[in-house]
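Shown next, in structure tokens, is the structure this report addresses.
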Amino acid sequence: MNRFIRSLTPDQQMGLLFVLVFGTLVLATLAGLLLSLRDQDRSEHWLKGLRRYREGVRRSWVMVGVFWLGWASGPTGAIWLFALGSLLTLREFISLTPTHRTDHKALMLSFFVVLPVQYLLLSSEHFSLFSVFIPVYAFLAIPVVSSLGNNPVQFLERNAKLQWGIMVCVYGLSHVPALLLLDFPGLKNRNVFLVFFLVMVVQTGMLIQHVAGRWMTYRPSLPHISQAFNWRSWGVGVLGGGLLGGLLAGITPFKPGQALAVALVACTAGSLGHLVMKAIQRDRGVPNWGSQGRSVTGASGLLDRVDALCFAAPVFFQSVRWYFGA
């Protein structure tokens, strides 16, 4: 199967993926619609499971749509598409973080210097500086600029929240389009499949985890953070995403065993990152970044849809780049 897929041209591979992915999503959407039309009495647990399933399907539609838009716009267009995504998600994150008027300089630095410079470094393929610019230079510069506001009240907390928002929304998300620029032998004009691979294994793992968590009768392992999280359902989700990665090896430079391994790494990082974001939501007192289609924070809950990807992307990118020397 993998040999057959590798023998196809990039356009043929893209056409095959288009049919398989959108066909699967259409079937999943129809299944959710048919389940919602059932007339028999349903328990609250069943309804919660259905809502979680449909939420996962909608999230998958969004992520796959972003993938196709990025593919159509080319590497440069994809980079700045994700830059816009970083801007929206950072705005969403910061809107839940209490700030003081003395933080305005640090906020200006974050939005109008750190964010564009990160993506400029990416577009120029300065990967070494791209990888350390935010965790080294930005992390040191932000508290320096904040101290110039002459306000020591909750100084550490205010700066930590801003640094954390930049790390997730800018640093993490910027590693998704970075996959388009990696140099793999024999993968010319096919780097877009690395993005597809990452998005599919992470989102599939999350969907399986949420469905398994709702349909299994196990108690939540971390009820104060997530009523849906259970270590067994988490393992099922990670394993499901890993197996899908092995099946998708034909569109990547990886052998099946390598594809399985990197998919397991990406799914583990993404699912645990999603748990971290759930903890932040509970700390901020909101159930979701965007609730029932209405934005709590100004970006229609975009962060709900990409939080796992923000954690998985840098781990996946650095692991692949280090192992394969790309």
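Some observations on this one:
- In nm, spacing of pseudo-spin labels at Phe22 and Glu125 (7 Å Cα→C-beta vector): 3.1
- Label sites at Tyr137 and Leu33, each approximated as a point 7 angstrom past Cα along Cα to Cβ, lie 5.0 nm apart.
- Rounded percent of accessible protein surface that carbon and sulfur make up, the stretch 66-111, 1.4 Å probe: 71
- Phi angles of the stretch 83-90 translate, via the Karplus equation with coefficients 6.51, -1.76, 1.60 and θ = phi - 60°, into HN-Hα couplings of 4, 5, x, 5, 4, 5, 6, 5 Hz per residue; Gly and Pro are given as x.
- Both radii were evaluated on the Cα set of the stretch 65-169; the Rg over Rh quotient, with Rh as the Kirkwood radius, amounts to 1.02.
- For the pair the stretch 132-176 and the stretch 72-131, the centres of their Cα atoms are 12 angstrom apart.
- Normalised size of the stretch 242-283, defined as Cα radius of gyration per 2.2 N^0.38 Å with N residues, equals 1.48.
- Extension gain from Arg101 to Tyr323, taking 0.36 nm per residue of separation minus the Cα-Cα distance: 75.4 nm
The values are calculated or read from the model by the stated rules, or taken from the named source; none is laboratory data. Keep in mind that what you see is a predicted model, and the values were worked out from it rather than measured. Here the Cβ is made from the backbone with ideal geometry for all residues, glycine too, and neighbour counts use every protein chain on show. Calculation scope for accessible area: heavy atoms of the full protein, side chains included, ligands and nucleic acids excluded. Shrake-Rupley method; radii C 1.70, N 1.55, O 1.52, S 1.80 Å.
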